[in-house]
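**Q** To start, I am sharing the structure in question, which I have written as structure tokens.
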Amino acid sequence: MMKELIKPFACTLCSASFSHKFMLEAHIGTHSSVKSHRCDYCSASFVQKVALEKHLLTHLGKYLFGAPTEKVYRSTIDKGPHF
Ligand SMILES: [Zn+2]
Ligand SMILES: [Zn+2]
């Protein structure tokens, strides 16, 4: 005999249902065109949070591996003009 699993969280967009709210939210994200996870550093936005987190690493990578122009600019200020 099969006992039906209790899945109280039903998708409003299809017939899928889930036993946990976070699973439903993740599922809705997969077939929603609304990109709710936006990057703070640029205009990119993502359906899935993990995609945003991966994207954020590319921004952080600039500071780890690159030579950000901001740093160059600041070192120029540090030398400063003579008072
Ligand atoms: Zn669905
Ligand atoms: Zn970005």
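The values are calculated or read from the model by the stated rules, or taken from the named source; none is laboratory data. What you see is a predicted model, and the numbers here were worked out from it, not measured in a lab. Cβ coordinates were reconstructed from backbone atoms using ideal geometry, including for glycine residues, and neighbour counts include every protein chain displayed.
**Q** So, of the residues in the range 25-38 that are part of a loop (DSSP other than H, G, I, E, B) and either more than 18 Å from T12 (Cα to Cα) or within 16 Å of ligand 2 (Cβ to nearest atom) (or both), which turns out to be modelled with the highest pLDDT? Before you say what the answer is, go through the steps one by one.
**A** Applying the first criterion (part of a loop (DSSP other than H, G, I, E, B)) to the range 25-38 yields 31-36.
From what is left, the residues that are either more than 18 Å from T12 (Cα to Cα) or within 16 Å of ligand 2 (Cβ to nearest atom) (or both) are 35-36.
Working: K35: 72, S36: 79.
Among those that are part of a loop (DSSP other than H, G, I, E, B) and either more than 18 Å from T12 (Cα to Cα) or within 16 Å of ligand 2 (Cβ to nearest atom) (or both), it is S36.
**Q** Residues of the range 44-57 being out of contact with any helix residue (DSSP H, G or I) (no Cβ under 9 Å at 6 or more places or on another chain) and either within 11 Å of ligand 1 (Cβ to nearest atom) or of a type in the set (A, V, I, L, M) (or both), which ones? Outline the logic, then answer.
**A** Taking the range 44-57 first, the residues out of contact with any helix residue (DSSP H, G or I) (no Cβ under 9 Å at 6 or more places or on another chain) are 50-57.
The answer is V50, A51, L52, L56, L57.
**Q** Look through Y63, Y41 and report the one residue that is surrounded by 11 or more Cβ atoms within 10 Å (Cβ to Cβ), more than 16 Å from ligand 1 (Cβ to nearest atom) and either in a loop (DSSP other than H, G, I, E, B) or at pLDDT 70 or above (or both).
**A** Sole residue among the options that is surrounded by 11 or more Cβ atoms within 10 Å (Cβ to Cβ), more than 16 Å from ligand 1 (Cβ to nearest atom) and either in a loop (DSSP other than H, G, I, E, B) or at pLDDT 70 or above (or both): Y41.
**Q** On to the next question. From the set of residues in the range 13-24 that are loosely packed, with under 12 Cβ neighbours inside 10 Å and within 21 Å of K49 (Cα to Cα), which is modelled with the lowest pLDDT?
**A** Of the residues in the range 13-24, the ones loosely packed, with under 12 Cβ neighbours inside 10 Å are 13-15, 19-22.
Cutting the leftovers down to within 21 Å of K49 (Cα to Cα) gives us 13, 19-22.
Values: L13: 78, S19: 94, H20: 94, K21: 94, F22: 95.
The extreme case among them is L13.
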